[in-house]
Amino acid sequence: MAGSPTIGIFGAGWVGLVTGACFADLGHDVIVRDVVPERIDALKAARTPFHEPELSDVLARNAERIHYTLEADDLASAGVLFICVQTPPTYSGDADLSYVWTALDDLPHTDERQLLVMKSTVPVGTGEKVRAALDARGLTNVGYISNPEFLAEGTAVRDFMKPDRIVIGAFEAEDGAAVEALYAGIDTPVVRTDVASAEMIKLAANAFLSTRISFINEIANVCELVGADVQSVAQGVGLDHRLGPHFFRAGVGWGGSCFGKDVSALKQLAGNSGYHFQLLAAVIEVNELQKRRVISKLEKHLGRLRGKTIAVLGLAFKPDTDDMRDAPSLVIASRLLAEGAVVRTWDPVADARDRLIGATQCATVLEAVTGADAAVIVTEWEELRQLASADVRDAMRLPLIVDGRNLLDPAETRRAGFAYEGVGRPSSPLEALPETEPAVPVSGST
Ligand SMILES: NC(=O)c1ccc[n+]([C@@H]2O[C@H](COP(=O)([O-])OP(=O)(O)OC[C@H]3O[C@@H](n4cnc5c(N)ncnc54)[C@H](O)[C@@H]3O)[C@@H](O)[C@H]2O)c1
């Protein structure tokens, strides 16, 4: 793009690679730096290192405009540097900024004006600290901008190209304008603000989305006690234009690399600043308990789980990704293993063999449910919509489905010969089932 600065990116993860690919698609020259050699080798060989719909196509059609490197110095000619490294939680719940600080230590030296743009999610106040550190190092030629990212895995490319808004917080107005200009071609509201407010917008957005999920999960738990159906309740409530339907589905709770850490980081940030954020403490606790309710639902139907075989269907924290960071499946499967259950897992793309030692990862749904006393839907993969089939029923030792995502129709599932337990909906016990044919074992597992 004539006159447009080269964009340098620190981090070839979900945010960095999608940012690089999409800026290249908007016509910019991009150079992406990561510190993991296998990741850079894969990208140079035109292999996308993780599962994200559309990303490989965007990278392929912009191969001329996007380059990859392990060397930070190769980014010296970039006019704008985006920091997209991970900010995982520490044991205290604060955000671990060590990757951010390491990236800053690696900044290439140039006498030209350079813009440093923080896309990683960081605590409020980080920008002030980075600004002070840059000044202390004499890097007054480097401008600092906060430009948080709101993409969701599974729809990351679409989210980047058609965002609900772009948030830009800058110390200097012209730096903010320069970053805004990079997004030319994307038609969306732009929120221009100060750095601290931009940082807070990201944390508050994730905290509120998580709050909505924990809220509807608590409504679901009460629905189970009073005989209401949370699906209808969520629909009826969500049609209120003041509330809307999004992030209002009851289930086994949220997971992923962002919600847990960002909610904790905001709660910690408030605590460190002298404010006890009670609501977020409850939001987190509700989510932890929600995952564990699957175990009591299984026990309700099966009694003690020792020696029982449970199929855990879906490992990724959400469909259309292979990301297992903070996935509810990890807690559910680990709890089952701790109870002495035999755990058989399935996922079309995520691999948990090194994380769930003792569980058997199966190649197909049918293989996972074979001989199982119950099948638990943990991730709402499309493939699982057909779970209540005669093949599955015949392969299972007991035809019990615990639908942790309310993916199936309870009445149809019952008609297909399964006992059904959803989240916040009436359940049907195994005892209520008509006699079924003895299960036919299907052999083979990975
Ligand atoms: N994943 C999401 O859905 C999402 C959405 C919005 C915001 N975020 C935020 O964006 C940030 C990145 O998240 P992610 O999911 O892309 O993380 P990720 O773990 O997928 O990717 C981070 C990458 O940065 C690399 N890296 C680490 N140190 C580096 C350095 N010094 N130089 C260059 N590369 C380095 C790592 O090797 C890794 O490949 C986090 O702060 C996250 O909270 C994530």
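The values are calculated or read from the model by the stated rules, or taken from the named source; none is laboratory data. These numbers were taken from a predicted model, which means no experiment stands behind them. Don't worry about glycine lacking a Cβ; one is built from the backbone with ideal geometry, like all the others, and counts go over all protein chains shown. Side chains are part of the model used for accessible areas, which takes the heavy atoms of the whole protein and leaves out ligands, DNA and RNA. Shrake-Rupley method; radii C 1.70, N 1.55, O 1.52, S 1.80 Å.
Results, tabulated for the structure shown:
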{"read-out": "Search result, residues across the stretch 1-58 that are under 23 Å from VAL100 (Cα atoms), in a helix (DSSP H, G or I) and within 12 Å of the ligand (Cβ to nearest atom)", "value": "TRP14, VAL15, GLY16, LEU17, VAL18, THR19, GLY20, PRO37, GLU38, ARG39, ILE40, LEU43"}
{"read-out": "Some residue of the stretch 190-205 being at pLDDT 95 or above, open to solvent by less than 30 Å² (accessible area, probe 1.4 Å) and assigned to a strand (DSSP E or B)", "value": "no"}
{"read-out": "Candidates ALA375, ALA341, ALA388, ALA333 - the one that is crowded, with 21+ Cβ neighbours inside 10 Å and touching a Lys or Arg at 6+ places or on another chain (Cβ under 7 Å)", "value": "ALA341"}
{"read-out": "Residues satisfying the stated conditions in the stretch 246-269, i.e. part of a helix (DSSP H, G or I), more than 10 Å from the ligand (Cβ to nearest atom), touching a Gly at 6+ places or on another chain (Cβ under 8 Å) and small (Gly, Ala, Ser)", "value": "SER264"}
{"read-out": "Test: residue in the stretch 298-313 that is in contact (Cβ under 8 Å) with a residue 12 or more places away in the chain, under 24 Å from GLU382 (Cα atoms) and open to solvent by 30 Å² or more (accessible area, probe 1.4 Å)", "value": "no"}
{"read-out": "Output for the stretch 269-291, where each listed residue is free of Cβ contacts under 8 Å to residues at least 24 places away in the same chain, closer than 19 Å to VAL122 by Cα and of a type in the set (A, V, I, L, M)", "value": "ALA270"}
{"read-out": "Those residues of the stretch 96-142 which are of a type in the set (Lys, Arg), within 15 Å of the ligand (Cβ to nearest atom) and open to solvent by 50 Å² or more (accessible area, probe 1.4 Å), in sequence order", "value": "none"}
{"read-out": "For ASP175: the one exception among (1) open to solvent by 40 Å² or more (accessible area, probe 1.4 Å); (2) more than 16 Å from the ligand (Cβ to nearest atom)", "value": "(1)"}
{"read-out": "Pairs with Cβ under 7 Å, 6+ apart, first in the stretch 143-166 and within 12 Å of the ligand (Cβ to nearest atom), second aliphatic (A, V, I, L, M) and open to solvent by 30 Å² or more (accessible area, probe 1.4 Å)", "value": "PRO148/ILE201; GLU149/VAL15; LEU151/VAL15; ASP159/ALA152"}
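Residues checked against (1) at pLDDT 95 or above; (2) under 22 Å from TYR183 (Cα atoms); (3) surrounded by fewer than 21 Cβ atoms within 10 Å (Cβ to Cβ):
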{"residue": "LEU17", "(1), (2), (3)": "yes, yes, no"}
{"residue": "VAL35", "(1), (2), (3)": "yes, no, yes"}
{"residue": "GLU38", "(1), (2), (3)": "yes, no, yes"}
{"residue": "ALA42", "(1), (2), (3)": "yes, no, yes"}
{"residue": "THR48", "(1), (2), (3)": "yes, no, yes"}
{"residue": "VAL58", "(1), (2), (3)": "yes, yes, no"}
{"residue": "GLU64", "(1), (2), (3)": "yes, yes, yes"}
